[in-house]
Amino acid sequence: MTNKQLLKDSLRWGFILWLIGYVLGIILFFVFPPSLIGWAIMPVGILITFWILLKKVEGNTFPYYVFLAVAWTLMAVVFDYLFIVKAFKPADGYYKLDVYLYYALTFIIPLTFGLWKTSKIKEKNS
């Protein structure tokens with residue numbers, strides 16, 4: 001696996017995942033109360049993340065997925081701060097249980113998928 005592929009999988013897919021959530025949040029702002037937007041987006045985001053990890057990410061080592069988890073989580077935290085907290089200044093704050101769960105899942109899902117995928121590779125090679 002090349003560094004170019006790792007950067008593509010981490011930066012491109014991390015940004016796309018974040019952007020999907022951001023756009024959905026703006027759209028759902030007109031449909032849901034602000035306190036429920038994160039909860040409404042989360043199942044969709046999880047499904048899209050699984051699909052990207054299954055169909056688009058090409059890593060075959062666990063450290064590859066560790067890097068993805070760190071990169072995707074850092075991007076989520078930084079972009080949320082810049083483009084939600086600073087830009088919109090939510091009246092009731094932004095950091096609540098749904099946001100912390102979103103950050104945790106952004107980190108845990110690639111790690112879990114990486115463990116699963118690398119164990120399948122090991123089984124296949126044995």
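Rolling a 1.4 Å probe over the protein chains gives residue 126 an accessible area of about 120 Å².
Note on surface exposure: 56, 117 rank 56, 117 by accessible area, highest first, 1.4 Å probe. The residues neighbouring residue 73, those whose beta-carbon lies less than 15 Å from its own, together hold a net charge of -2 under the Lys/Arg +1, Asp/Glu -1 convention. Relative contact order, whole percent, for the chain stands at 35, derived from Cα pairs under 8 Å and 6 or more residues apart. The calculated 222 nm mean residue ellipticity attributable to helices in the chain amounts to -24500 deg cm²/dmol, summing -39500 (n - 2.57) over DSSP H runs of n ≥ 4 and dividing by all residues.
Beyond 18 Å between alpha-carbons counts as too far, so tell me which of 55/120; 8/122; 8/120 fall in that bin. The pairs that break the limit, which is 18 Å between Cα atoms, are 8/122; 8/120.
Solvent-accessible area of residue 123, all protein chains in place: 130 Å² (probe radius 1.4 Å, heavy atoms, ligands and nucleic acids excluded). Once you reduce segment 26-91 and segment 1-17 to the center of their Cα atoms, the two points are 15 Å from each other.
Ordering 68, 90, 41 by the projection of their Cα atoms onto the charge dipole of the chain, which places +1 on the Cβ of Lys and Arg and -1 on the Cβ of Asp and Glu, puts 68 at the extreme positive end. Taking all protein chains together, 16, 52 sort by accessible area into 16, 52, largest first [probe 1.4 Å].
Taking a Cβ cut-off of under 15 Å around residue 84, the surrounding Lys, Arg, Asp and Glu residues balance to a net charge of 0, with basic ones at +1 and acidic ones at -1. For segment 1-120, the per residue solvent-accessible surface stands at 60 Å², with DNA, RNA and ligands left out and a 1.4 Å probe. For the chain, the longest principal axis of the C-alpha atoms and the axis of helix 34-55 are separated by about 20°. By a straight-distance test (C-alpha under 14 Å), which aspartates and glutamates pair with residue 117 as possible cross-link partners, with residues fewer than eight away in the same chain excluded? Within reach: 58. Between the Cα long axis of helix 97-125 and the first principal axis of the chain there is an angle of about 10°, rounded to the nearest 10. Expressed as a whole percent, the accessible area of the chain that falls on carbon and sulfur atoms is 74 (1.4 Å probe).
The values are calculated or read from the model by the stated rules, or taken from the named source; none is laboratory data. This is a predicted model, so every value here is computed, not measured. Here the Cβ is made from the backbone with ideal geometry for all residues, glycine too, and neighbour counts use every protein chain on show. These area figures cover heavy atoms from the full protein model, side chains too; ligands, DNA and RNA do not enter into them. Shrake-Rupley method; radii C 1.70, N 1.55, O 1.52, S 1.80 Å.
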